[in-house]
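The values are calculated or read from the model by the stated rules, or taken from the named source; none is laboratory data. Values in this document were obtained by computation on a predicted structure and should not be read as measured data. In this analysis, Cβ positions are derived from the backbone assuming ideal geometry, glycine residues included, and neighbour counts consider all displayed protein chains. Note: areas computed on protein heavy atoms with side chains; ligands, DNA, RNA excluded. Shrake-Rupley method; radii C 1.70, N 1.55, O 1.52, S 1.80 Å.
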Amino acid sequence: MKLFIAKEPGRQETRAAMLPSDAGKLIQLGAEVEVAAGIGRAINVTDEEYEKAGAKVSSDSKASLVAEMVLRVGVPDTDDVEQIGEGAIHVSLLDPFNNTEVVQALAARRVSAISLEMIPRTTIAQKMDVLSSQANLAGYVAVILAASRQNKILPMMMTPAGTIAPARVFVIGAGVAGLQAIATAKRLGARVDAFDVRPDAQEQILSLGAKPLKVDLGETGQTKDGYAKKLTDEQLAKQREAMARQCALSDIVITTAKVFGKKAPLIVTNEMIDGMQPGSVIVDLAVETGGNVEGSKPEKEVQRHGVTIIGRVELPRRVPVAASQMFSSNLYNFVEHFWHKETKRFILNREDAIIQGCLITHAGEIVHPAIQEAIA
Ligand code: NAD
């Protein structure tokens, strides 16, 4: 079976979908692997390294057309879709709720499109969970970015010249990214408070040495997949009131609050920002899905009353070596999980719960119920 690791759409992507080591492992399974020339450039991996691992390197822009499976990191654009063979399997991030035009183009081309974000968050699928591996890095980068924009230091310092108090960091949303942000800020010596609407998160916040902020919002709960449920308007208003006090006390605020398949809740309002000390920094990790912070803009750093609001998207691109390593490993695990050893082929088993969760288009149709509903 011929697999093609494609070029990434746009110039901003720094990650490579697959490293030579994982390409080599796929070849050992019996796959024929071809990679687009230069895919490892941003992480200093050469085409020769892919060749040494047994892959073919191609500069031909039409090479992907003959592959039975095309893999990449980012959402393909409609031109990329034209370069996928009819009836082939395409595996990538797809953000299908927000890229309806691309989803429709994939369906029209009869591509079986796998959206890596939609892989169910089950124990068996953990090894292929791209959302978690990349969110982990985003949490780390958010803190490093905020620390580099601060005019203060994070740790407490007791010196003969006096004592400097530790910076205060407030993390809103303690999922995968939020927990890593807490851990990173703690390692740098900050005093960390955090809040999440899921009651289970309290224990995790405590286990990292941070202080969970207690706000009584009444029934919040979570979905069967572990995601937060959308708050009512009254609950959100109550949350903002409690967060305002904490934001005013904090030097750095990191927001990561998301609700699966929906716009992110607006939590930090202009009024709350105006209550913060000049020189403080906010990083909005939810900016791509609407933002948790009023006025935050994708790929921009905005100033308001001396507070810097950072809305950089796709933070894992800033640490592409680690991000590629994890992405590549997730992708290999996904392919290997459905690989049939005798026929040496990937089996798109539509009875399997993982495939049911992440298959968006197939045989000319949009087959995922939630995406059908979102597009209807
Ligand atoms: P996410 O990116 O969807 O959201 C980030 C966090 O924001 C979540 O913790 C959510 O509860 C929180 N949030 C939503 N609305 C909020 C609000 N108004 N205020 C404050 N916080 C708010 O979440 P995620 O990081 O993808 O994790 C989602 C869940 O999946 C978690 O329960 C996590 O433990 C679980 N998970 C399970 C597995 C697995 O079993 N394989 C893997 C990864 C994550």
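Quick grid of which residues meet (1) small (G, A, S); (2) open to solvent by 40 Å² or more (accessible area, probe 1.4 Å); (3) out of contact with any helix residue (DSSP H, G or I) (no Cβ under 7 Å at 6 or more places or on another chain); (4) in contact (Cβ under 8 Å) with a residue 40 or more places away in the chain:
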residue	(1), (2), (3), (4)
E101	no, yes, no, no
L106	no, no, no, yes
R109	no, yes, no, no
I119	no, no, no, yes
T123	no, yes, yes, no
Starting from residues that are away from the ligand (no atom under 16 Å from the Cβ) and part of a helix (DSSP H, G or I), keep the ones in region 270-296 and report whichever is most open to solvent (accessible area, probe 1.4 Å). E271
Can you find a residue that is on the phi < 0 side of the Ramachandran plot and in contact with a Cys (Cβ under 9 Å, 6 or more places away or on another chain) anywhere in region 177-184? no
Scan region 129-150 and tell me whether some residue there is more than 23 Å from the chain's Cα centre (by Cα) and either away from the ligand (no atom under 15 Å from the Cβ) or within 29 Å of A237 (Cα to Cα) (or both). yes
Starting from region 229-253, take each residue that is within 14 Å of D216 (Cα to Cα) and list its partners that are part of a helix (DSSP H, G or I) and of a type outside the set (D, E), counting only C-beta distances under 8 angstrom and pairs at least six apart or across chains. L231/Q239; R240/M272; M243/M272
For D225: the one exception among (1) crowded, with 16+ Cβ neighbours inside 10 Å; (2) near the ligand (Cβ under 10 Å from one of its atoms); (3) not small (G, A, S): (1)
Looking at (1) open to solvent by less than 40 Å² (accessible area, probe 1.4 Å); (2) closer than 30 Å to N333 by Cα; (3) within 11 Å of the ligand (Cβ to nearest atom); (4) in contact with a helix residue (DSSP H, G or I) (Cβ under 7 Å, 6 or more places away or on another chain), which one does I172 not meet, given that it meets all the others? (2)
Please go through region 175-193 and pick out each residue that is touching a Leu at 6+ places or on another chain (Cβ under 7 Å), within 11 Å of the ligand (Cβ to nearest atom) and among the small types (G, A, S). A177
Going by what's in this entry, would V81 be described as over 21 Å from the mean Cα position of the chain (by Cα), of a type in the set (V, I, T) and not in a loop (DSSP other than H, G, I, E, B)? yes
Inside region 211-238, can you point out the residues that are in a helix (DSSP H, G or I) and either among the charged types (D, E, K, R) or under 25 Å from the mean Cα position of the chain (by Cα) (or both)? D233, E234, L236, K238
Which residue, of A113, A138, A146, A142, is of a type outside the set (V, I, T), buried (at least 18 other Cβ atoms within 10 Å of the Cβ) and part of a strand (DSSP E or B)? A113
For the list (1) in a helix (DSSP H, G or I); (2) of a type in the set (V, I, T); (3) surrounded by 17 or more Cβ atoms within 10 Å (Cβ to Cβ), I need the number of the one condition that V321 fails. (3)
